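Please read the structure below before turning to the comments.
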Amino acid sequence: MATLPSGGGAQALLSACRNASTDPDARARASTDRSGYVPGSVPDGVVYAETVDDVVEALRLATRFRVPIVPRGAGTGLAGGSSATAGSVVLDVSRMNRILSIDPEEQQAVVQPGVLNAEVNAATARYGLFYAPDPASTAICSIGGNVATNAGGMWCAKYGVTRESVLSLQVVLADGRILKTGRNTIKGVSGYDLNALLIGSEGTLGVVVEATLRLLAKPLHTATVAAYFADAQAAARAASAIIAARIQPAILEFIDGGTLAAVDAMMGTDHSSRGNAFLLAQVDGHGALLEQQVLVEAVTPFATSVEQTDDDVRAADLVAARRNAIPALQQLGRVSIGDIGVPRKRLAEAVAGLAGIAERTGVKIFVIAHAADGNLHPMVVVGPDESITEGPAKAALGEMFHLARRLGGTLTGEHGIGLLKQDWLEEEVGSLSLELQHKIKAAFDPLGILNPGKGI
C-alpha cells in the first residue's frame, strides 16, 4: 500500500472543492466522535458534501493528491471511527439529508446518508411502517453512520441489524467511481454480496451516498414489562430465563444500578428506588398480551418489583430510561463505551466478570446491555482530563475483550472496531482472516486513502 503524504495535497483539495472549510472550530468539531477519544491534532479541513457530485469530486481529488479522507455523518460513533488528524480531510455528508422516496407497497424507502434514523421512522409511520434498526441514539445518528457500523439497537434481537434492513447501496469509491450494490428485490443471489460487505466496513471501502431501506409493518399491539432486581446478577439471570421461555421480545434491555442512579439524577425519575438493576422487555404483535404474561412469569422469581403495561405513553417513559443511559453517564465524566457480545446464556457471567474488572483496575464501569442478543455495553467513566487510550482505562477495555472471548464472545457487537479496538482485532479473527481483509481493502482502495487506520 502506498505511503500517504500530508500537507500540500490536502490544501490543494480544499481549494478545489466547493463548501470546504479550514475554520479552526469546524476542524476541531470534525476531529472526533462521541467515543471520548481526543486526537492529538485536527484535520486540515472539512468538505461539506451536498450532492453525489460533491462526493465524487472530493474523492477524485483525494486520489489525485493522495489525501487521506475521513468520511463523517452525524459524528455519533463510539469507536473513534470518524476521528481525524492533521494531514487528512474530513468528508462530511450530513447535508445530504433527504428522504428521496417511500414506496408503501414495496415497503421500501430510498434515503441519503445524512438522514437521521428517527427521521426515517417519523416519515414512514404515516404508512403504518417502520425501519427496524433502532440505536439508542436514534434521534441524532444518521443512516450513513448506521450503514458504516452495521448498527443494531433495541429492536435488533427480533428484527435484525442494519445488514438485514438495507437492500441496496450507492457508494462512491476512492477514485470517484460510483458503485451500485444489492438490489430492490427481497431475494437475490447474483454474484458476491458486496452490499453486505460494505455494511459494517466503517468507511474504509467507499462513501455511501444513497441507501434503499427495507421497511416493516408496524405491529398493531405492544406490551411492556419493567422489572427491578436486588442486583445485576439477578437481572441477568432473569434475562436468560426469558430467552429460555422460548419467546422473542422485540426489546430486552438491561441497566445496572449505577447507570439507573445516573438516569434518575438526569431525568428526575425514581427507578433506583425500586431496585439495583432494571430489565425492560417489550413484546409485539397479535399475541403481545399473552407473551407479556409469559414474560412476567419468567422474571418474577428473580425480581423485587414487576410492572406491566400496554399503555404507549407509559411504555415510552420506561424506554426513555434506556435511551438516556449514555447521556446520563456523560454528565459524570468522559465515557468510553465498550461493545462486547457473549452467548445469551452467559450474560450473568459477563456481568460478574465486568464487576471483577472494575475491582481489579480501579476503573468505574457501568453496564447496559441488549440482553436478548448478549450484546453488553460496559462503559468506563473517567475524569475529563483522564485518558481512555492508555493507563487503567485502556487496561480495563482490554480485560473486557478477553472476558468476552473466554465466554465465547466477540470484541464488538455493533459499534465497530474504529480506532480504539485495533489492538485486539487479530486475536479474535485470526491472521489469515485479517490478511484477506487487507487484500479486499486494497482492491477497493489501492492507495489506502479511505479512513486509514480504522476498521481493519
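The values are calculated or read from the model by the stated rules, or taken from the named source; none is laboratory data. What you see is a predicted model, and the numbers here were worked out from it, not measured in a lab. All Cβ positions, even for glycine, are placed from backbone atoms using ideal geometry, and neighbour counts span all protein chains on display.
Can you confirm whether Leu179 is under 23 Å from Thr76 (Cα atoms), modelled with pLDDT of 95 or more and not in a helix (DSSP H, G or I)?
It is false that Leu179 is under 23 Å from Thr76 (Cα atoms), modelled with pLDDT of 95 or more and not in a helix (DSSP H, G or I).
So which residues in the stretch 389-398 are surrounded by fewer than 20 Cβ atoms within 10 Å (Cβ to Cβ) and either touching a strand residue (DSSP E or B) at 6+ places or on another chain (Cβ under 9 Å) or part of a helix (DSSP H, G or I) (or both)?
Within the stretch 389-398, Thr389, Gly391, Pro392, Lys394, Ala395, Gly398 qualify.
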Just to be sure, is Gly448 surrounded by 24 or more Cβ atoms within 10 Å (Cβ to Cβ) and in a loop (DSSP other than H, G, I, E, B)? no
Quick check on this structure: which one of Ala223, Ala211 is modelled with pLDDT of 95 or more, under 30 Å from Gly275 (Cα atoms), crowded, with 19+ Cβ neighbours inside 10 Å and aliphatic (A, V, I, L, M)? Ala223
Mind checking which pairs have a first residue in the stretch 75-90 that is closer than 17 Å to Thr149 by Cα and not assigned by TED's automatic domain parsing to the domain that holds Gly144 and a second that is outside any loop (DSSP other than H, G, I, E, B) and modelled with pLDDT under 95, Cβ under 7 Å, 6 or more apart or different chains? Leu78/Ile337
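Somewhere in the stretch 381-388, is a residue crowded, with 18+ Cβ neighbours inside 10 Å and assigned to a strand (DSSP E or B)?
Yes, the stretch 381-388 has at least one match.
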Among the residues of the stretch 306-318, are any crowded, with 16+ Cβ neighbours inside 10 Å and assigned to a loop (DSSP other than H, G, I, E, B)? no
Can you list the strands (runs of 3 or more DSSP E) lying wholly within the stretch 1-104 that have 2 or more residues being surrounded by fewer than 20 Cβ atoms within 10 Å (Cβ to Cβ) and over 20 Å from the mean Cα position of the chain (by Cα)? 99-103
Quick count over the stretch 377-399, residues being within 21 Å of Phe278 (Cβ to Cβ) and in contact (Cβ under 8 Å) with a residue 60 or more places away in the chain, is 1
Subset of the stretch 359-372 that is within 18 Å of Ala328 (Cβ to Cβ), out of contact with any Pro (no Cβ under 8 Å at 6 or more places or on another chain) and among the aliphatic types (A, V, I, L, M) - its residue that is surrounded by the most Cβ atoms within 10 Å (Cβ to Cβ): Ala369
Tell me which residues, restricted to the stretch 324-343, are buried (at least 19 other Cβ atoms within 10 Å of the Cβ) and part of a helix (DSSP H, G or I). Ala325, Ile326, Ala328, Leu329
